[in-house]
1. Criterion first (closer than 15 Å to Ile318 by Cα, small (Gly, Ala, Ser) and either crowded, with 22+ Cβ neighbours inside 10 Å or at pLDDT 95 or above (or both)) does Gly253 satisfy it?
2. Looking at Gly123, Gly158, which one is touching a residue at least 40 places away in the same chain (Cβ under 8 Å), crowded, with 20+ Cβ neighbours inside 10 Å and out of contact with any strand residue (DSSP E or B) (no Cβ under 8 Å at 6 or more places or on another chain)?
3. All but one of (1) outside any helix (DSSP H, G or I); (2) open to solvent by 40 Å² or more (accessible area, probe 1.4 Å) hold for Leu263; which doesn't?
4. Restricting to segment 169-202, give me the number of residues that are open to solvent by 50 Å² or more (accessible area, probe 1.4 Å) and more than 21 Å from Phe25 (Cβ to Cβ).
5. Can we say Ala216 is touching a residue at least 40 places away in the same chain (Cβ under 8 Å) and not β-branched (Val, Ile, Thr)?
6. Scan segment 134-168 for residues that are within 24 Å of Ser88 (Cβ to Cβ) and assigned to a helix (DSSP H, G or I) and report the count.
7. Can you tell which of Ala106, Ala131, Ala111 is assigned to a helix (DSSP H, G or I) and surrounded by fewer than 19 Cβ atoms within 10 Å (Cβ to Cβ)?
Amino acid sequence: MAQMSIQVKKRENMLLDVGVGIKDFVRNNMGILIGLFVLCIIISVINPNFLTSNNLLNVLRQTSTNLYLALAMTMIIILGGIDLSVGSIMAVVGVVTTSLIAFLGAPVLVAVAAGLLVGVLIGAVNGYVAATTIIPPFIITLATMNIARGAAYVLTDGKPVRVMSDSFNFIGSGYIGGILPTPVLYLIILLIVCYFIMNKTKLGRHMYAVGGNAEAAKFSGINIKKVKFFAYAFSGLMAAIAGIVLASRMFSGQPTAGNAAELDAIAAVVLGGTSMTGGYGRIGGTVIGALIIGVLSNGLNLMGVSSFWQFIVKGIVILVAVYADVIKRRKG
């Protein structure tokens with residue numbers, strides 16, 4: 001009886017924690033949540049097809065690859081850095097993975113493992129150089145962005161590597177239980193992992209400390225090199241996952257894949273309220289920021305707006321969001 005009472009008490013506490021968590025999430029992201037809500041209303045009034053379940057699922061599926069990148073980018077920007085190489089890592093990982101299957105006949109699992117390893121290695125190089133030299137992360141990742149993109153072109157001679165494999169195609173285009181798209185399933189898992197790292201581990205707290213004041217973090221005993229190395233290696237891993245999912249969805253490894261993907265990831269982070277100077281930001285805000293970009297892109301497509309104008313509209317939205325954030329911080 002006593003044990004049952006303890007279990008009931010634990011469930012009540014758990015529900016209470018979830019309730020407090022949701023309340024905090026809404027309070028911390030009220031501004032962009034309203035923005036997302038208003039955007040959805042405007043688009044649905046202009047084009048009722050927006051609110052169909054198929055279209056909303058499509059928005060979520062298309063937003064998922066950007067979110068893989070944006071979640072890791074949130075960690076790096078909180079740390080006070082930047083990673084411009086993620087789009088190119090997507091390309092080279094997609095090319096390596098599909099080449100192993102198409103040209104060497106490697107099993108899908110082996111090819112995927114090799115692709116993930118390539119992504120982690122490039123991220124680890126970024127992290128090692130950022131942690132052990134005075135070269136700014138902007139320059140380091142700009143260099144690896146070009147190296148990875150160039151490698152993708154060299155490996156393929158500029159041509160796509162096509163793969164006709166049901167098991168590989170399932171990675172990016174499959175459904176779990178006939179309802180849940182596989183990219184969305186990965187997103188849910190990765191979201192939980194990133195939230196746990198940033199909110200429940202010492203490593204997450206150290207990222208905030210290093211981004212807020214690196215000198216103070218150093219004197220308090222935080223291993224800054226280790227924190228930086230992990231963040232960039234993790235970013236490489238997330239970019240590799242995005243690259244494999246995209247290659248699977250396209251039935252091919254494209255050397256042009258992920259072109260400018262780093263900009264969408266950074267935009268999602270900025271829209272989500274993470275400070276570009278480091279030390280402040282939240283995973284939940286990034287999710288909403290990425291959804292705003294995804295909904296905006298989908299809405300503009302439904303309205304038949306050309307991709308050229310979409311760049312301009314996205315740029316204006318980001319500018320307004322950053323300006324609103326600056327005003328809010330000054331008032332705070």
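The values are calculated or read from the model by the stated rules, or taken from the named source; none is laboratory data. These numbers were taken from a predicted model, which means no experiment stands behind them. Because the Cβ atoms are built from the backbone with ideal geometry, glycine has one as well, and the counts that use them run over all protein chains shown. The accessibility values were calculated without ligands, DNA or RNA, using every heavy atom of the protein model including side chains. Shrake-Rupley method; radii C 1.70, N 1.55, O 1.52, S 1.80 Å.
1. no
2. The unique qualifying residue is Gly123.
3. Among (1) outside any helix (DSSP H, G or I); (2) open to solvent by 40 Å² or more (accessible area, probe 1.4 Å), Leu263 violates only (1).
4. Final tally of qualifying residues: 10.
5. Here the answer is no, as Ala216 does not meet what is asked.
6. 21
7. One residue alone meets the criteria, Ala131.
Yes or no, residue by residue, for (1) at pLDDT 85 or above; (2) over 13 Å from the mean Cα position of the chain (by Cα):
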position: Asn13; (1), (2): no, yes
position: Lys23; (1), (2): no, yes
position: Ile34; (1), (2): yes, yes
position: Val38; (1), (2): yes, yes
position: Asn55; (1), (2): yes, yes
position: Tyr68; (1), (2): yes, no
